[in-house]
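S.K.: There's a structure below that I have some questions on.
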Amino acid sequence: MTVRRLVCVVAVLVTACPLLAQQSESPVDWIREHAIRLTTPEAGHGFADMQRLKEVVGNARIVSLGEATHGSREFFQFKHRMLEFLASEMGFSIFSIEANMPEAYRLNDYVLNGTGDPAQLLKGIYFWTWDTEEVLAMIQWMRAFNQSGKGRVQFTGFDMQTPNVAAENVRTFVARYEPAYVATVADASTAATRAGAGGGAEFGVATGSFPIARAAGKTIRYSGYIKTEGVTRGFAGLWWRVDGPSGILAFDNMQTRGVKGSSDWAKYTIELPVDATARNINFGALLPGDGTAWFDDLTVEIDGRLSTDADAFDLSFESSTPRGFFTGGNGYRVQLDTAVNHSGKQSLRMQYVGTTATNTVPAATAVATWKDVVSHVESGRAGYRAAGASDPDVEWAVQNARVVLQCMQLRANQVTRDRSMAENVKWILDHNPNAKMVVWAHNGHVATSGFSYETMGTSLRRMYGQEMVVFGLAFNQGSFQAIAQGGGGLKNFTVPPAKPEMLEATLASTGIPLFVLDVRTAPAWFKEPRGSRQIGAVYPDGDPYAFVGNLEPASAFDALAFFDTTTVARKNPGR
């Protein structure tokens, strides 16, 4: 066969087989060809470069905007610009942020009616992450947009980590429409503020979320080594819990066979079935007692086969942090111990140090109390209306009671924060049936897969399907603000360019400093696990590649927004 004829045959094959052509194209070339190049992340520069985003958003009712850090200026500016575009050009009328629900709604009164000082109201939603110049500028734009007559956009929140304002809203409502019930709500509010004081559990705990898809319909065998010293009350143990659509499906925390007293390293095991209907799986270690307990060399077997997920979990506790686990507990110090270990160099230590608050209430007790409040207020709708309450006022009171309940369930380790946040997003949309919403949260909340727990995005995808479009935000290098891990306050961190094998390095290789990429039709390269920066509110000193986890970009997100370089978010000038 001549060279000319061979070239012709190859050309025919590529033309006849688009998949072959796609597979032969490098990911960098594909990105360059499909990237929607943006001139700036800043609002106020028109929408000429954003018109192709209309094809990405389509008829979606929800556009979720993630972020790879909680402290990058360009991420926040981009989200402002996206809100400006979606409200001005595509009829979006609700903005909702990862902040406590009733506190965020106070800002709604400002953007709609001009009531209050926006800088102080922003500070009043607690999180330093949003108390910035960039978020304040967006809020002020929302007020101006509502005054302009060009449209109407609301400011809302969907988080539920603090109960105080929500509980007070319920008390104020019943004081007006059912005075006889005020004392009950007041007692319930006291229980909520004392439950798991400071937001922690009333026991030392390490909590991880296990991938549902890997365990559903199978049997798990969860093992680990435990050592104790001076546990004179309570016990130390491993725990595993499986939640379904209607509650707990399986649970074991070794309560009847927990480790007590002072004991040397020994292996302990939990074996449980995971029902196919599982919606959430949590596991970890706990110390509901005094003394000290150490945990090391955890393992998970699924149907007899060892499960390994080193990027999501460090089951041997050899990393600089207890990777994959949230740790804490009122009256307990939970941290890595370099002096005691079963193997390797360190273990996880839980130590009872005494409660920091008096008259604490078990979180489970507060859950039961607030379930009663929610039930009572729900069943009293007709009576409240007869007493003069409007339908919106009644529904808002019910929802505030639910927010307190969700907070208590989080503290009692009964319901995950992401599940409750998804339910709150749904509540907002249910009460605005024709509205379209922009959601602002971390990548780890908006993503529809790829994280070691069931994310808010996973729940929302189940509810809304393709009516939701999820943007993951990624960056190659630069600065951001975060809390110093291991102690210390808010500070600035700078990280170098991504490693060559990371997702961000490939995106940076295009040489395009800012772009959006629809990955729903991306080649197979985007459907394979890639290391990616997923930095939250905390970051360690001296580790330029901390919090890099594997995820499949095209499974976790519908689109990626990429920033080659970021800078630190600036403080709210009204602080």
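The values are calculated or read from the model by the stated rules, or taken from the named source; none is laboratory data. All of these numbers come straight from a predicted model, not from anything done at the bench. Reconstructed Cβ throughout: ideal geometry from the backbone, glycine too, with neighbour counts over all protein chains shown. In case anyone asks, the SASA skips ligands and DNA or RNA and just uses the protein heavy atoms, side chains included. Shrake-Rupley method; radii C 1.70, N 1.55, O 1.52, S 1.80 Å.
S.K.: Given the criteria in a helix (DSSP H, G or I) and surrounded by 22 or more Cβ atoms within 10 Å (Cβ to Cβ), does ALA188 qualify?
M.R.: Details: in a helix (DSSP H, G or I): yes; surrounded by 22 or more Cβ atoms within 10 Å (Cβ to Cβ): yes.
In short, yes.
S.K.: Additional query: Using the structure shown, decide if GLY114 is over 20 Å from the mean Cα position of the chain (by Cα), at positive phi and not acidic (Asp, Glu).
M.R.: Spelling it out, GLY114 is indeed over 20 Å from the mean Cα position of the chain (by Cα), at positive phi and not acidic (Asp, Glu).
Listed here are the residues, each with its yes/no results for (1) of a type outside the set (S, T, N, Q); (2) surrounded by fewer than 22 Cβ atoms within 10 Å (Cβ to Cβ); (3) modelled with pLDDT of 95 or more; (4) under 26 Å from PRO513 (Cβ atoms).
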| residue | (1), (2), (3), (4) |
| --- | --- |
| GLU84 | yes, no, yes, yes |
| ALA87 | yes, no, yes, yes |
| GLY91 | yes, yes, yes, no |
| GLU103 | yes, yes, no, no |
| ARG106 | yes, yes, no, no |
| GLN120 | no, yes, no, no |
| ASP131 | yes, yes, no, no |
| LEU136 | yes, no, yes, yes |
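S.K.: Let me ask you something else. Being open to solvent by less than 20 Å² (accessible area, probe 1.4 Å), of a type in the set (Phe, Trp, Tyr) and farther than 26 Å from VAL205 by Cα: is that true of TRP427 here?
M.R.: Considered against the rule, which asks whether it is open to solvent by less than 20 Å² (accessible area, probe 1.4 Å), of a type in the set (Phe, Trp, Tyr) and farther than 26 Å from VAL205 by Cα, TRP427 comes out as no.
S.K.: Moving on to the next point. Among the residues of the stretch 290-343 satisfying the criterion of being free of Cβ contacts under 8 Å to residues at least 12 places away in the same chain and open to solvent by 50 Å² or more (accessible area, probe 1.4 Å), which is farthest from ALA276 (Cα to Cα)?
M.R.: Just the residues of the stretch 290-343 that are free of Cβ contacts under 8 Å to residues at least 12 places away in the same chain, to begin with: 305-306, 308, 310, 314, 319, 323, 338-339.
If we keep only those that are open to solvent by 50 Å² or more (accessible area, probe 1.4 Å) too, we end up with 305-306, 308, 310, 323, 338-339.
Numbers: ARG305: 18, LEU306: 20, THR308: 21, ALA310: 25, ARG323: 27, THR338: 40, ALA339: 42 Å.
That would be ALA339.
S.K.: Mind telling me which of the residues GLY444, GLY388 ends up being farther than 30 Å from ARG214 by Cβ and not aromatic (Phe, Trp, Tyr)?
M.R.: GLY388
S.K.: Can you name every residue in the stretch 148-158 that is in contact (Cβ under 8 Å) with a residue 24 or more places away in the chain and open to solvent by 10 Å² or more (accessible area, probe 1.4 Å)?
M.R.: Hits for the stretch 148-158 are LYS150, GLY151, ARG152, GLN154.
S.K.: I need the full set of residues from the stretch 383-404 which are at negative phi and more than 34 Å from the chain's Cα centre (by Cα), in order please.
M.R.: Here is the first cut: in the stretch 383-404, the residues at negative phi are 383-387, 389-404.
Selection gives GLY383, TYR384, ARG385, ALA386, ALA387, ALA389.
S.K.: Could you name every one of the helices (runs of 4 or more DSSP H) located completely within the stretch 400-513 that has at least 1 residues being at pLDDT 95 or above and more than 28 Å from TYR539 (Cβ to Cβ)? Before you say what the answer is, go through the steps one by one.
M.R.: Working: elements: 417-430, 443-446, 456-464, 503-508.
In the stretch 400-513, 417-430, 456-464 are the helices (runs of 4 or more DSSP H) which contain 1 or more residues that are at pLDDT 95 or above and more than 28 Å from TYR539 (Cβ to Cβ).
S.K.: Does PHE127 fit the bill of being in a loop (DSSP other than H, G, I, E, B), open to solvent by 10 Å² or more (accessible area, probe 1.4 Å) and not charged (D, E, K, R)?
M.R.: Taking the combined requirement at face value, the residue satisfies it.
S.K.: Quick check: anything in the stretch 513-523 aromatic (Phe, Trp, Tyr) and closer than 20 Å to GLU25 by Cα? Spell out how you get there, then give the answer.
M.R.: Going through the stretch 513-523, the residues aromatic (Phe, Trp, Tyr) turn out to be 515.
In the following step, the residues that additionally are closer than 20 Å to GLU25 by Cα were identified as 515.
Yes, the stretch 513-523 contains at least one residue that is aromatic (Phe, Trp, Tyr) and closer than 20 Å to GLU25 by Cα.
S.K.: Considering each of VAL274, VAL259 in turn, give the residue that is open to solvent by less than 20 Å² (accessible area, probe 1.4 Å), β-branched (Val, Ile, Thr) and over 20 Å from GLY328 (Cα atoms).
M.R.: The conditions single out VAL274.
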